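Chemist: Sharing a structure below in structure tokens format, with a few things to ask.
Laboratory data are not the source of any read-out in this text; all were calculated from the coordinates shown. What you see is a predicted model, and the numbers here were worked out from it, not measured in a lab. All Cβ positions, even for glycine, are placed from backbone atoms using ideal geometry, and neighbour counts span all protein chains on display.
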Amino acid sequence: MSKDSKGHLPPPWIDKFLQWRLPEEQFEEVQGDLHELYGQWVEEMGEGKARGRYLWTALTFLRPLPKAKKSLYPTYSDYSQANFFDMIRNYFKIAYRNLIRHKSFSFLNILGLTLGLTACLLIALFVQDERSFDKFVPAGDRIYRVYYQVDNNEGTSVIATTPPVFPTILQQNFAEVESTLRVLNHSGKELFEVGDREAYEERGIFADSTFFDFFPLSFTFGSSLKALDGPTSIVLSQPMAQKYFGNENPVGKQILMDKQPFQVAGVFASNPKFHLQVNYILPMSATGLSAEQLQSWSTYSHNNYIKLKEGTNVATLETQFRQYTQPYLKDEVSTFLPVFQPLHDIHLYSASFKYDMAVRGNITYVNALTIIALFILLIACFNFVNLATAKSLQRAKEVGVRKTVGATRKQLMVQYISETVLLAFISMILSACFSYLFLPSLNRFAEKQISFDLFTNPLMPPVLLLLALTVGILAGFYPALVLSGYQPVRVLKGNVVGETNLGKTPWLRHSLVVVQFSLSVLLIISAIVVITQVNYLHNKNLGFTKEQILFFPMRGDNMFNNYETFKNELLKSSTVSSVSIGYGFPGDMFGDGLMTAPVEGVEKKLKATQLMIDHDYIPTLGLQLVAGRNFSKEMSTDKDAAYIINETAAKELGYAVASQAIGQTLLWNTWRKPDLVKRGKVIGVVKDFHFKSLYDKMEPAVLQIYPEAYWKVAVKLKTAHMATALPHVQAVWNKFSPDYPIEYRFLDESFEQMYKAEDKLKSLLWIFTCITVFVACLGLFGLAAYAAERRKKEIGIRKVLGASVESLVLLLSKEFVKLVAVALLLATPLAWYAMDNWLQDFAYRIDLDWWIFALAGVLALLIALLTVSFQSIKAALMNPVKSLRSE
């Protein structure tokens, strides 16, 4: 600062004020002129009046200057309008300086927003992937899958497979149908061989020649034209072709499937967004089914698709087809209703379907994750609002000074919203980086191939920028409204705005905390329920022993023809406890059949799951007989004239006591020869055991000896000899089936796989609950900081009057406990409703006991107390001299 030519010096604090208000280059330009004017004013009117005029000039941005100087020194309004972009740049420059100056405040805000945005981005990528299935199919909106809705005494169930005659009927009798397609699942695994390369492959299908007309998968070798015409043709996926043929073109070459030769007709590129994830496709003629079998009404084995002509009224066609099929689709127990399912609904809306080979998602879980993402984003925004309002007291004088020099409320709001937008942009950049880093882990967890096309997708950057801008404006609007509403006179006098003034109403800030913790409590309760239910699924007594049971299919004619000898060879080792061979082990494939039971002169029909077993099935699995006896090799009639049923079957037949069913007659049309009726007596009743997942109610089951269906082996091992048992099983296998490698798993693994989706849901819910609670705690931390700042002098007075630290901590904490209690009351009924609906999917479920909600409440209160205790203790320990001294 320099003196004027006559030695007069303006007040330094006014110059400091101007230096803060003006850009640096403009201040340096006008400083000399201002000092010259000040010297003239001192000479004309004296130093006192000159200082007053100089102050007024500074406050009004030199408005009263002579006309010759006025263009050099524009008003605040002129400066803003003429230099809009400079103003915006200045806003962000000041915002950046504030971020650097208030590091802890900035860190908490950026951390909260980054966590919220990262969670939202990852969930959005997952949801977008789930909703994009089959969108690549041309005319996909005209393709439908025909499935069954089955109604009987047990309720309503949905079956994905329908009779193979459906496509023929639809094509011949309904002009609205453009074309049809039948797909048959090739269940189980088959051995594939090319030279010395061999492996078991699953996910194979048989399909009509129209398959690639419906689903035009791209071909890397060969062509889709006539690829499925020959009975020995096979089309491979690109990964499978790479596995057996390397990078060479395999078209025209031979591959063995279960020792049978097939010729490769083409190689298609796998599409992860296709609901049929298959490794190989065989022509329908390779099934060996006769023309009569392919026109059957009585079997529901095929996935049937139709493509409709443009403009077809689907609902009308569906009604007409139901009327046409009604006479053919009734039996003594169930009614079957065909339904047309849109192709784009197959992936997400088929979670409860039986016998479905599609890659299935779950619309309930997708919607739940979407809601959780919105929860986290809202909580992150609320967190910013609370932290910003907590910080507002420290910036009150800044607002007063800005208003004094001419800043309008609108300009102040733009200034403070720009700070929020800058925070949001920083958080978005960080969240994009974190999303990119965590995406491979998400792909492994979800078994997906989600990509984050930040640089290759032209829409991704603007979408992320728009999201950051929206979040920044929404999160910053209320704090900007609070700050810009301060009255400069009261602020500069040290009298901060009262609680009754604009922007300081406690109920709004408290409402934000209540909403935050309501959402947090909702997720805590949901997480506890899901974890408890999943643990129940894994630990419930299933009624049989699943541990230490080795489980594998038989291979080769020698093993099938000599299964009894194979079984006896396995039993020669002391490491093997027992062996059973059959069809229908728990957690595996099942068949069903209609039984007829003459009860008191009336033929009663019983639809039951058929378990084709041998004499050692019951002891191997540890089943309990509640009445009668097991099958016995000494009783020659047991093979062709004896049945064992479960308790549910006995009740379905009308026997209140299991022993009443012993000796009753059952008739069954055999599978291999449907015209041949097997007539037998019930010789035993086993205690109900869960051979299916706990999604399904206990079903009637009939156990019988039927060697024609045998194909799986269950070996009960002794735990102490596990290391030596496996080599023995391998040696016996090689003796009977040297041309096939053994492929085994343990029976308990089958049940673990049943609840894989629930296990993943448990993990996801736990992770997102922790994120939600953490971000909510940041907001609570902000409110606690605000309360401590607002009551600083009150705390000082109380300490001077003798208040203890404990009483002050209690004083500051009790209002937050009330808020969390209100949140608990609001969240509990919502959580109960949501979790009760989710549990309806399980036939066997936990009860929503009071302790679940009590535990959630205790956790929420503890988390809240731990969060606010830091600020409360800090305020209570503060030296009262610092808080009471005059500023």
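Chemist: At R0 = 60 Å, how high is the FRET efficiency between GLU318 and THR545 if r is their beta carbon distance? Nearest 0.05 is fine.
Modeler: Approximately 0.80, to the nearest 0.05.
Chemist: Label 7 Å along Cα→Cβ of MET754; the stretch 173-201 residues with amide nitrogen under 14 Å?
Modeler: No residue passes the distance filter.
Chemist: Another question, then. Please list the non-local residues whose amide H lies under 5 Å from the amide H of SER578, H modeled 1.01 Å from N, same-chain partners needing a gap of 5 or more.
Modeler: LYS716
Chemist: Tell me, how many Å apart are the Cα centres for the stretch 135-174 and for the stretch 412-469?
Modeler: The distance from the Cα centre of the stretch 135-174 to that of the stretch 412-469 comes to 41 Å.
Chemist: Related question: About the Cα centre of the chain, what is the dipole size in debye to 20, counting +1 per Lys and Arg Cβ and -1 per Asp and Glu Cβ, all else neutral?
Modeler: Dipole of the chain, to the nearest 20 debye: 4340 debye.
Chemist: Right, here's the next one. Nearest 10 degrees is fine. How inclined is helix 103-130 to the longest principal axis of the chain, computing both from alpha carbons?
Modeler: 30 degrees
Chemist: Another question about this same structure. Can you tell me the dipole magnitude for the stretch 549-748 around its Cα centre, using point charges on the Cβ only (Lys, Arg +1; Asp, Glu -1), in Debye to the nearest 20?
Modeler: Computed about the Cα centre, the dipole is about 160 debye.
Chemist: Using 13 Å as the cut-off for backbone N distance, which residues of the stretch 587-609 belong to the label zone defined by a point 7 Å from the Cα of ASP696 along Cα→Cβ?
Modeler: 587-593, 608-609
Chemist: Related question: If you restrict to DSSP beta bridges whose two residues both lie in the chain, what percentage is antiparallel, to the nearest 5?
Modeler: Approximately 80 percent, going by the DSSP bridge assignments.
Chemist: Could you state the principal axis extents of the C-alpha atoms in the chain, from the largest down, to the nearest angstrom?
Modeler: In descending order, the Cα extents are 131, 69, 58 Å.
Chemist: Name the residue farthest towards the positive end of the dipole of the stretch 549-748 from the options ASN630, LEU594, THR609, assuming +1 on Cβ of Lys and Arg, -1 on Cβ of Asp and Glu, about the Cα centre.
Modeler: Of ASN630, LEU594, THR609, it is ASN630.
Chemist: Another question about this same structure. If contacts are Cα pairs under 8 angstrom and at least 6 residues apart, what is the relative contact order of the stretch 592-638 in percent?
Modeler: Relative CO of the stretch 592-638 lands at 26 percent.
Chemist: Mind checking the alpha-carbon convex hull of the stretch 140-345 and giving the volume per residue in Å³?
Modeler: So the per-residue hull volume is 134 Å³.
Chemist: Here is a follow-up. Subtracting the Cα-Cα distance from 0.36 nm times the residue separation, let me have the gained length for ASN562 to LYS673 in nm, one decimal.
Modeler: Contour length minus the Cα-Cα distance gives 37.7 nm.
Chemist: With both partners inside the stretch 604-715, how many of the DSSP beta bridges are antiparallel, as a percent to the nearest 5?
Modeler: Among the beta bridges of the stretch 604-715, antiparallel pairing accounts for roughly 50 percent.
Chemist: Further question on the same structure: In nm, what is the difference between 0.36 nm times the number of residues separating TYR355 and ASP640 and their Cα-Cα distance?
Modeler: Full-extension gain reported as 99.6 nm.
Chemist: Before anything else, pin down the relative contact order of the chain: Cα pairs under 8 Å, at least 6 apart, normalised by residue count, whole percent.
Modeler: 13 percent
Chemist: Quick check: pseudo-label points 7 Å beyond the Cα along Cα→Cβ at LYS633 and ASN90, how many nm apart are they?
Modeler: So the label points at LYS633 and ASN90 sit 10.0 nm apart.
Chemist: Right, here's the next one. Taking only pairs that are 8 or more places apart or on different chains, how many Lys pairs in the stretch 679-736 have Cα atoms under 24 angstrom apart?
Modeler: Details: LYS687/LYS697; LYS687/LYS712; LYS687/LYS716; LYS692/LYS712; LYS692/LYS716; LYS712/LYS735; LYS716/LYS735; LYS718/LYS735.
Summing the qualifying lysine pairs gives 8.
Chemist: Shifting gears a bit: Show that you can apply the helix-only estimate: for the chain, add -39,500 (n - 2.57) for every DSSP H stretch of four or more residues, divide by all residues, and state [θ] at 222 nm to the nearest 500. Please report the intermediate quantities before stating the final value.
Modeler: Numbers: 29 runs with 438 residues, N = 887.
Theoretical 222 nm ellipticity from helices: -16000 deg cm²/dmol.
Chemist: Applying the Karplus parametrisation 6.51 cos²θ - 1.76 cosθ + 1.60 with θ = phi - 60° to the phi angles of the stretch 312-322, what ³J(HN,Hα) value in whole Hz is obtained for each residue in order, glycine and proline being reported as x?
Modeler: Ordered by residue, 3J(HN,Hα) equals 6, 7, 5, 4, 5, 5, 4, 5, 5, 5, 4 Hz.
Chemist: Could you run the Karplus curve 6.51 cos²θ - 1.76 cosθ + 1.60 with θ = phi - 60° over the stretch 435-440 and give me ³J(HN,Hα) per residue in whole Hz, x for Gly and Pro?
Modeler: So the J values, rounded to whole Hz, are 4, 4, 6, 8, 4, x.
Chemist: Evaluate E = 1/(1 + (r/R0)^6) for LYS718 and ILE797, where r is the Cβ-Cβ distance and R0 equals 56 Å; express this FRET efficiency to the nearest 0.05.
Modeler: 0.10
Chemist: Which ³J(HN,Hα) values, rounded to whole Hz and listed in residue order, are derived for the stretch 735-743 from phi using the Karplus coefficients 6.51, -1.76 and 1.60 in 6.51 cos²θ - 1.76 cosθ + 1.60 with θ = phi - 60°, glycine and proline given as x?
Modeler: 5, 9, 9, x, 7, 10, x, 6, 9
Chemist: With a cut-off of 8 Å between alpha carbons and a minimum separation of six or more residues, what is the relative contact order of the stretch 140-345 in percent?
Modeler: About 36 percent, as a whole number.
Chemist: Keeping to pairs on different chains or 8 or more places apart, tell me how many lysine pairs in the stretch 140-345 have Cα atoms under 22 Å apart.
Modeler: Count of close lysine pairs: 9.
Chemist: Among the aspartates and glutamates, select those whose C-alpha is under 13 Å from the C-alpha of LYS793, and discard any that sit fewer than 8 residues away in the same chain.
Modeler: Candidates past the 8-residue exclusion: GLU887.
Chemist: Residue farthest toward the positive end of the dipole of the chain, with Cβ of Lys/Arg at +1 and Asp/Glu at -1: which of LEU653, VAL515, TRP711?
Modeler: Result: VAL515.
Chemist: Which aspartates and glutamates have a Cα less than 12 Å from the Cα of LYS354, not counting those fewer than 8 places away in the same chain?
Modeler: Partners found: ASP696.
Chemist: What nm distance separates the two modelled labels at LYS605 and PHE438, each placed 7 Å from Cα along Cα→Cβ?
Modeler: Output for this residue pair reads 5.4 nm.
Chemist: Also: With everything on Cα atoms, drop me the angle between helix 24-45 and the longest principal axis of the chain, reported from 0 to 90° to the nearest 10.
Modeler: Helix 24-45 sits at roughly 30 degrees to that axis.
Chemist: Order by neighbour count: MET635, MET595, fewest other Cβ atoms within 10 Å first, most last.
Modeler: MET635, MET595
Chemist: Farthest toward the dipole's positive end in the chain, which of SER578, ASN558, ILE110, given Cβ charges of +1 (Lys, Arg) and -1 (Asp, Glu) about the Cα centre?
Modeler: ILE110
Chemist: Under 5 Å between amide H atoms, partner at least 5 residues away or on a different chain: which partners does THR161 have, H built in plane at 1.01 Å?
Modeler: Here TYR148 satisfy the definition.
Chemist: Nearest 0.05, what FRET efficiency do SER290 and PHE455 give at R0 = 51 Å with Cβ-Cβ as r? Write out the running numbers ahead of the final one.
Modeler: Values: r = 56 Å, r/R0 = 1.10.
That gives a FRET efficiency of 0.35.
Chemist: A further question on this structure: Taking Cα atoms, how many degrees apart are the long axis of helix 12-21 and the longest axis of the chain, rounded to 10 and kept between 0 and 90?
Modeler: It works out to around 30 degrees.
Chemist: Please compute the modelled spin-label separation between PHE552 and ILE100, points set 7 Å along Cα→Cβ, answer in nm with one decimal.
Modeler: Placing both labels 7 Å beyond Cα along the Cβ direction yields 6.9 nm.
Chemist: Give me the orientation-averaged projected area of the Cα convex hull of the stretch 549-748, in nm², one decimal.
Modeler: With every direction weighted equally, the projected area is 11.8 nm².
Chemist: For the stretch 776-823 and the stretch 597-647, compute the distance between their C-alpha centroids and round to whole Å.
Modeler: When both Cα centres are located, 71 Å separates them.
Chemist: Next up: Find the centroid of the Cα atoms in the stretch 255-281 and in the stretch 288-339, then give the distance between the two in whole Å.
Modeler: Going from one Cα centre to the other spans 28 Å.
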